[in-house]
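Structure record follows, encoded as structure tokens.
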Amino acid sequence: MSEAVLQVRNLVKIFGRSGGLLRKESQNVAVDDVSFDVPQGQTLALVGESGSGKSTVGLMALGLLAPTAGSVLFEGSRFGELGHVERKAARRKMQVVFQDPFGSLNGRMTIREALTEGMIVHGLGADAQEREERAARLLSDVGLPPDVLSRYPHEFSGGQRQRVAIARALSVEPTFMVLDEPTSALDVSVQSQVLNLLRRLQRERGLSFLFITHNLAVVEYMADSVCVMSRGKIVERGTVERIFDSPEQEYTKRLLGSIPSTDPDARRLTS
């Protein structure tokens, strides 16, 4: 087993909801005692229906949401205990690609600005020219021509915008990425292109992925191991082969049943 780049231990997130002056505050347990490891260079899929708590786990894994209890260790360090300099360095190594590329990209920024903003913050690139050269190489890496640097997000298709979002995440040279439903807003034909791109980038750069999705067909293609979530808890875990061939929980079987085809001969697209 590869060394874990991310270790999540007994993670809990409780959201309080005020009931007004005459009512007691009610609580929503969004995540309940969740633990898992993401091995170096591999993909762990966090799977579940809407409201299962998987995206909340992703936000806590990135340090963007404080847990109620439990801990997140990134490269062996407890994220919540890092000092300012160490936390900034860790944030550079941890990046995210969200479901909606149009919503996650600033419509007022050119692609050049979007790709170089993180470089400036983290001191990557000696000057503006070097940062632009780096941005052009990133666009090439995700299958876009460098002459789009001066364009704006609204000028692109959904698949192209997601490629830009991936390039932006890569701009600060991360080692770990949370992919939160990165293809669910795209057409099926475009989904396969983006998934192939992510797998290629993972191989080339040695990236580790926490892949959050409700789509088990995508999981079968992308992941090495799977954690199935329901109502804030992990109800089943295992390798992709074990989960698909011998699911133990009825909830997992129901999720598998929603896939159009689970023919073993049709599995695992070639990379």
The residue that is surrounded by the most Cβ atoms within 10 Å (Cβ to Cβ), considering only those in the stretch 56-99 that are in contact with a strand residue (DSSP E or B) (Cβ under 8 Å, 6 or more places away or on another chain) and polar (S, T, N, Q), is GLN95
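Can you tell me how many residues in the stretch 143-156 are in contact with a Leu (Cβ under 6 Å, 6 or more places away or on another chain) and part of a loop (DSSP other than H, G, I, E, B)? Full working, then the answer.
Going through the stretch 143-156, the residues in contact with a Leu (Cβ under 6 Å, 6 or more places away or on another chain) turn out to be 146, 153.
Among the residues that remain, those that are also part of a loop (DSSP other than H, G, I, E, B) are: none.
Matching residues across the stretch 143-156 total 0.
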Consider LEU139 against the criteria (1) surrounded by fewer than 20 Cβ atoms within 10 Å (Cβ to Cβ); (2) assigned to a helix (DSSP H, G or I): it satisfies all of them except one. Which criterion is unmet? (1)
Might you check whether a residue that is surrounded by 20 or more Cβ atoms within 10 Å (Cβ to Cβ), of a type in the set (Gly, Ala, Ser) and either in contact (Cβ under 8 Å) with a residue 24 or more places away in the chain or on the phi < 0 side of the Ramachandran plot (or both) occurs anywhere in the stretch 32-50? yes
May I ask you to list pairs of residues, at least six apart or on different chains, whose Cβ atoms are under 6 Å apart, with the first in the stretch 215-244 being within 24 Å of ARG203 (Cα to Cα) and the second being of a type in the set (Gly, Ala, Ser) and surrounded by fewer than 19 Cβ atoms within 10 Å (Cβ to Cβ)? none
Any strands (runs of 3 or more DSSP E) falling wholly within the stretch 31-133 and containing at least 2 residues that are over 21 Å from LEU179 (Cα atoms): 69-74
Determine the pairs where a residue that is free of Cβ contacts under 8 Å to residues at least 12 places away in the same chain, located within the stretch 113-128, has a partner that is surrounded by 12 or more Cβ atoms within 10 Å (Cβ to Cβ) with Cβ atoms under 6 Å apart, the partner being 6 or more residues away or on another chain. GLY125/MET119; GLY125/ARG131; GLY125/ARG134
Subset of the stretch 145-159 (residues that are farther than 15 Å from GLU113 by Cα and buried (at least 18 other Cβ atoms within 10 Å of the Cβ)): PHE156, GLY159
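No value in this document is a laboratory result; all are computed from the given coordinates. Everything numeric here is computed off the predicted structure, so don't read it as measured data. Every residue, glycine among them, receives a Cβ derived from its backbone with ideal geometry; neighbour counts consider all protein chains shown.
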